[in-house]
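The values are calculated or read from the model by the stated rules, or taken from the named source; none is laboratory data. Because the structure is a prediction, the values reported are computed rather than measured. Here the Cβ is made from the backbone with ideal geometry for all residues, glycine too, and neighbour counts use every protein chain on show. Please note that ligands, DNA and RNA were not included when accessible areas were found on the heavy atoms of the full protein model with its side chains. Shrake-Rupley method; radii C 1.70, N 1.55, O 1.52, S 1.80 Å.
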Amino acid sequence: MKYTHRSLSSSHCGLPAFFRHTLSVLGVLLMLLLLAPSNAQAQDPGEKGYWKHHFVSQVNTLVRSTNPALRERGMELIIEVQSREDATAFDFSDARSQLYSIFFDRRNTDQQRILALSALFATDSTKTSETLATWVDEESSDRVRRHVQLAVSQTGRG
């Protein structure tokens, strides 16, 4: 008995090539739909979404950086975001202790310390005023002292 090799396409009388191709493409698309993440939905801007929490974490990382330029950029972002209408959607309270560390460290430049002061007031002006109102006389830098006095007086604590 002799066996001959025949091509499936020439001996198979099944579906036409167009339908086989279409079914293959549909099968691949169905597999992609089943494997796609189901939670890929747009978030309502009013909700505290994952990206907002992630953004706050990234800014906090910048503020904690040992690189002064990155720290400054983190503080600038806090000030910028807190001046927006939806500022309450961002909670930078975890960064406040690091901002106080930057502010109270006299090895930092006056500019960095004043930036930390501005970020502190942007996150919670009342708490910052209460903390710094009694401390201001101890400041050795005239420039920093003036900024603290001005900030405290604007919140009605001075």
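The figures follow:
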read-out: Qualifying helices (runs of 4 or more DSSP H) (wholly inside the range 68-146; at least 2 residues being under 18 Å from residue 58 (Cα atoms)); value: 68-82, 96-104, 110-123
read-out: Positions within the range 97-137 being open to solvent by less than 20 Å² (accessible area, probe 1.4 Å), among the small types (Gly, Ala, Ser) and farther than 17 Å from residue 70 by Cα, in sequence order; value: 129
read-out: Exclusive hit being modelled with pLDDT of 85 or more and either loosely packed, with under 11 Cβ neighbours inside 10 Å or touching a Pro at 6+ places or on another chain (Cβ under 6 Å) (or both), set 86, 142; value: 142
read-out: Counted residues, the range 72-83 - those being under 13 Å from residue 114 (Cα atoms) and surrounded by 19 or more Cβ atoms within 10 Å (Cβ to Cβ); value: 2
